[in-house]
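A short worksheet on the structure shown next.
The values are calculated or read from the model by the stated rules, or taken from the named source; none is laboratory data. No experiment lies behind these values; they were computed from the predicted model shown. Using ideal geometry, Cβ is built from the backbone for each residue, glycine included, and neighbour counts are taken over all protein chains shown. To get the accessible areas, we keep the full protein, side chains included, count just its heavy atoms, and leave off ligands, DNA and RNA. Shrake-Rupley method; radii C 1.70, N 1.55, O 1.52, S 1.80 Å.
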Amino acid sequence: MKVILIGKVKMTLAFLKTMYFNKNFKLVGVLTDLKREENDDFIDLGTFCKKKNINFLRIKDINSKSTFNWIKTKTPDYIFCFGYSKIIKNPLISKFKNKIIGFHPALLPDNRGKHPIIWSIILGLKFTGSTFFIMSKKIDYGKIIDQRKIKILENDDANKLYDKITKNACSQIPILFNKFTKKNFFYKNKKIKKGNIWRKRTFLDGIIDWRMSNIQINYLIKALTKPYCGAAFFRNKKIYKVFRSEMISDYKKKYENHEYGKIINVSKNFVIVKCGSGLIKLKNIVPKLSIKKGEYL
């Protein structure tokens, strides 16, 4: 089966390797971006493609005429779009109708749109998913080919959940080939529901507000840890990023009268801060924070 892969993130590389080593797939081309732009987990797929002698192209516009012509010359049976945030439009969608396979790390049709891993942790969801679907003109909207439900554990941060979803998705790829061999398999699915659409996360969404509870702040820090940019706070007009945290379980009543943002304790490796409710221990702060007990953030 001749396939083209489109993508530009760390997860895409895992898909690329899985497909390369699966004899059922023949990679006739890979399309990726020229530069990082908005993706914190951006990765240059060209390095692997060069090493394995896979034809690839770095592009500025997935919907350009030149990109369309390049794809046509490869005569792919299917096009896979994994980890690519730009919307694919006509003539690609119409030319390869029911042949462009999308991937979304959520339980479609719910939670379509931007930053699904980040939002699922920020919102404290208990489950997410790994979904392959037939792409259409609408964002993350099409008949589902294969889907897995993935539990979000209490200690899962963005990095752990990212890896968990990647592992699940890679194990689904051989299943896709088996389904493709069944004629018109996707027409058997029920009518597609609309679901909700998550918006694009902004810089302000990642700013810690010490009036928030320690639970909300902990979710925020876990959601934005690597491979993402980190949750942020300001002190003396300087921005700091936090990549690890934990809630203080032995919360003492004497701290109830302390204002939010007050430093309760400081050590070489952590800072404990009073939140709107509860205490939170901040770790891995970049750059290093110089602050004393009793001061405020």
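List of remarks:
- Inside the stretch 51-68, residues that are of a type in the set (Lys, Arg) and either buried (at least 16 other Cβ atoms within 10 Å of the Cβ) or more than 23 Å from the chain's Cα centre (by Cα) (or both) make up a count of 3.
- Of everything in the stretch 153-184 that is assigned to a loop (DSSP other than H, G, I, E, B) and in contact (Cβ under 8 Å) with a residue 40 or more places away in the chain, the residue that is most open to solvent (accessible area, probe 1.4 Å) is Asp157.
- Taking the listed residues Tyr251, Tyr255, Tyr260, the one that is out of contact with any helix residue (DSSP H, G or I) (no Cβ under 9 Å at 6 or more places or on another chain), at pLDDT below 95 and over 30 Å from Met11 (Cα atoms) is Tyr255, with no other qualifying.
- Residue satisfying all of: in the stretch 200-214; out of contact with any strand residue (DSSP E or B) (no Cβ under 6 Å at 6 or more places or on another chain) and either loosely packed, with under 10 Cβ neighbours inside 10 Å or modelled with pLDDT of 95 or more (or both); nearest to Ile139 (Cα to Cα) among these: Thr202
- Just one of (1) touching a residue at least 40 places away in the same chain (Cβ under 8 Å); (2) open to solvent by 20 Å² or more (accessible area, probe 1.4 Å); (3) not β-branched (Val, Ile, Thr) fails for Lys126. It is (1).
- Top-ranked residue of the stretch 1-50 - restricted to ones that are open to solvent by less than 20 Å² (accessible area, probe 1.4 Å), at pLDDT below 95 and in a strand (DSSP E or B), ranked as nearest to Gly230 (Cα to Cα): Val9
- Looking across the stretch 275-295, the residues that are part of a strand (DSSP E or B), under 18 Å from Ile248 (Cα atoms) and either of a type in the set (A, V, I, L, M, F, W, C) or in contact with a Gly (Cβ under 7 Å, 6 or more places away or on another chain) (or both) come down to Leu279, Ile280, Leu282, Ile285.
- None of Ser120, Ser136 is among the hydroxyl-bearing types (Ser, Thr, Tyr), out of contact with any Pro (no Cβ under 7 Å at 6 or more places or on another chain), open to solvent by less than 30 Å² (accessible area, probe 1.4 Å) and not in a strand (DSSP E or B) except Ser120.
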